[in-house]
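The values are calculated or read from the model by the stated rules, or taken from the named source; none is laboratory data. This one's a predicted model, so the numbers in the text were calculated from it and none came from an experiment. Because the Cβ atoms are built from the backbone with ideal geometry, glycine has one as well, and the counts that use them run over all protein chains shown.
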Amino acid sequence: MIKSIYIKDFALIDELDVQFEQGLNIMTGQTGAGKSIIIGALNMILGERADTDVIRQGAEKAISEATIEVGKNAFLQKLLTDNAVDYSEELILRREIRQKGSRAFINDTPVNIAVLKQVGDQLVDLHGQHDHQLLLKEENHIDMIDRFDSVEPVKKTYRTEYRKMADLQKELRDLKRKERELKEKTELYQFQVKELEGADLDAYEEEELESEMNLLDNAEDLDQKAAAISEIGNGDDISLMEMLNTIKLHLEDMARIEPEFETYLSEVNTARISIQEAVNFAERYRNTIEFNPQRLETLRQRQSELNRLQKKYMRSIPELISYYNQVKRELNVAENFDLEIEKIEKRIREQAGHLKQSAEALHNKRLEIGEQLSTDIVATLSHLGIPNGQFRVHVAWQFADSGWIEIDGRPVECSAEGCDDVRFYISTNKGEEPKPLDKIASGGEVSRVMLSLKSILAQEHHLPVMIFDEIDTGISGNISEKVGREMRKLSEYCQIVAITHQPQIASQAHKHYRVEKIEQEERTITRITPLTEEEHVREVASLMSGEEITDAALSSAKELIERGGVRN
């Protein structure tokens, strides 16, 4: 249950701290007093979207905080532990809205808004005024059926099989798309493979070409220089080697007289050996030089061809080889598309059997819940002034021109939510057949259907708190009293916080709060005041008679309260 709410600098609220009690907590007040502002602050605590416009003028930030008693809750304990939040049986949820964004806290530990919303969804069901419209939209009916606990494991199994089928269908679509694309490119790919195959590419060929062409291109120059070296070393005239030999002889003689020449003698000997080796190599090299203009031209043509291919494909030789292998693989796949498609289609047929089985289980569970819900809502509506009401939950297969599974030989369209079309039908008058809810139900009837649904779901889910923002839309008088009694009965299962304008509903309160606007220091602020028993009577009387509370109104209010047996 919500033990307390603290709100600061939120819209018209400067600062507000209110304690709630177990049972039925009712808030009343004139239109515009700020009741919906309090609900808005609660919404903010529960992780709903918040706008910076809610920050009170002149304030730095808006704060909304709730202390909620949760008891032992294994799901919440795991969720909070996984998000590094200390778990306790009493949680403090806080939201701060600043101009530059919002922050959320649980037990003073920062959390992201998604976590705050997950926690809020486990603790509070907040029925806003727009929920009536949600009930009238048929696409929301399936969600209301699926809120029942027994549907969840069946739906989880279905979704597993649905995802498997969806993945296979995507794989098939991708393969067929690729087949179409490859068919369009097959002729081009075949030409490219033939062209690159004919080129007989080698990743190192360019480097080898450059080296060989360089030698052929400079053969004549190399021969001339090698001949010159040989002539200098071993010419008919006085050669370099003869001169070095003469120097060597002289140095030997001089070294015998002056030892310092030994060093130079050693260096000349080394030079003679090195130069002789160079001369000998030059002579041998001349025999290896190839004068082959035709070979050079052939190499130039090959180089030109490689340059052409690289420019055409905008790839280097290694990249061209990789591309060639890739295209060959693509062509190989293209030749085997029929086989691959057949394999996937076989898997799809097998998966369709699994999907159909899980879809039928979900369909049957929804039928079961629909029958149960119809019975329970009819029983509740009879307590709410619709004694001859009929309510039916229509669960039917979504037959279509094509679908992933077939039921009775007809294709059925499936989605992540199942393969069913779920719609609510109602009849509020004796002898009339039920028709779609949005076609015949009045605002008051929709309110009572919604209250019936909420009552049933509250008992199903054991939610600690339910909040109603004017559930009494479109009803009054005797019906309002019955709605109030149903809300009081519901408060035996969970705490109820409700806003109402109806005295018949307000009279049922375990605790009554008055919300009002007051002027303080030239500013308008919202206040909420818990009422004493006497103030409770006067507030109910005020709802009956207006600002001027008559003795008759007070007497009627007391009678209304006593008739409900509300005061404990």
Unique match (being of a type in the set (A, V, I, L, M) and in the same structural domain as Y313 (by TED's automatic domain parsing)) among L168, L188, L209: L209
Subset tally (residues that are within 30 Å of R347 (Cα to Cα) and surrounded by 16 or more Cβ atoms within 10 Å (Cβ to Cβ)) for segment 378-397: 2
Of residues in segment 283-322 being aromatic (F, W, Y) and surrounded by 15 or more Cβ atoms within 10 Å (Cβ to Cβ), the one nearest to L222 (Cα to Cα): Y285
Residues of segment 172-184 that turn out to be surrounded by 15 or more Cβ atoms within 10 Å (Cβ to Cβ) and either closer than 14 Å to K343 by Cβ or at pLDDT below 80 (or both), as a count: 4
Number of positions in segment 392-406 that are outside any loop (DSSP other than H, G, I, E, B) and touching a residue at least 60 places away in the same chain (Cβ under 8 Å): 2
Meets criteria (in contact with a Lys or Arg (Cβ under 8 Å, 6 or more places away or on another chain), of a type outside the set (A, V, I, L, M, F, W, C) and either outside the structural domain of S452 (by TED's automatic domain parsing) or in a helix (DSSP H, G or I) (or both)) for H363: no
Hits in segment 407-449 - residues which are among the hydroxyl-bearing types (S, T, Y) and in a loop (DSSP other than H, G, I, E, B): T428, S442
Flag if D53 is in the same structural domain as Y493 (by TED's automatic domain parsing) and either touching a residue at least 24 places away in the same chain (Cβ under 8 Å) or in contact with an Asp or Glu (Cβ under 6 Å, 6 or more places away or on another chain) (or both): no
Candidates A557, A498 - the one that is closer than 18 Å to A33 by Cβ, touching a helix residue (DSSP H, G or I) at 6+ places or on another chain (Cβ under 9 Å) and at pLDDT 80 or above: A498
Segment 325-363, subset basic (K, R) and more than 30 Å from Q192 (Cβ to Cβ), residue farthest from the chain's Cα centre (by Cα): K346
Residue in segment 48-68 that is surrounded by the most Cβ atoms within 10 Å (Cβ to Cβ), counting only those that are in contact with a Leu (Cβ under 8 Å, 6 or more places away or on another chain) and among the hydroxyl-bearing types (S, T, Y): S64
Residue match in segment 447-461 (condition: free of Cβ contacts under 8 Å to residues at least 60 places away in the same chain and assigned by TED's automatic domain parsing to the domain that holds C494): yes
Segment 472-486, subset without any contact (Cβ under 8 Å) to a residue 60 or more places away in the chain and over 18 Å from I496 (Cβ atoms), residue farthest from the chain's Cα centre (by Cα): G477
Which numbered condition T526 misses (of (1) at pLDDT 90 or above; (2) in contact with a helix residue (DSSP H, G or I) (Cβ under 8 Å, 6 or more places away or on another chain); (3) within 19 Å of E547 (Cα to Cα)): (1)
Residues of segment 76-101 satisfying the condition of being of a type in the set (A, V, I, L, M, F, W, C) and either closer than 16 Å to A66 by Cα or surrounded by fewer than 20 Cβ atoms within 10 Å (Cβ to Cβ) (or both): L79, A84, L91, I92, L93, I97
Test for G444: is it surrounded by fewer than 17 Cβ atoms within 10 Å (Cβ to Cβ), touching a residue at least 12 places away in the same chain (Cβ under 8 Å) and over 31 Å from the mean Cα position of the chain (by Cα): no
Some residue of segment 144-164 being buried (at least 19 other Cβ atoms within 10 Å of the Cβ), among the acidic types (D, E) and at pLDDT 90 or above: yes
Positions within segment 109-141 being over 22 Å from the mean Cα position of the chain (by Cα) and either in a loop (DSSP other than H, G, I, E, B) or at pLDDT 90 or above (or both), in sequence order: T109, G128, Q129, H130, K137
Count of segment 1-57 residues which are in a loop (DSSP other than H, G, I, E, B), under 32 Å from the mean Cα position of the chain (by Cα) and under 16 Å from L93 (Cα atoms): 6
Qualifying positions in segment 374-388 - in contact (Cβ under 8 Å) with a residue 40 or more places away in the chain and either part of a loop (DSSP other than H, G, I, E, B) or of a type in the set (V, I, T) (or both): I377, T380, L384, G385, I386, N388
Residue in segment 310-351 that is modelled with the lowest pLDDT, counting only those that are part of a helix (DSSP H, G or I) and of a type in the set (G, A, S): A334
Subset of segment 1-23 that is closer than 20 Å to D121 by Cα and among the aliphatic types (A, V, I, L, M) - its residue that is surrounded by the fewest Cβ atoms within 10 Å (Cβ to Cβ): M1
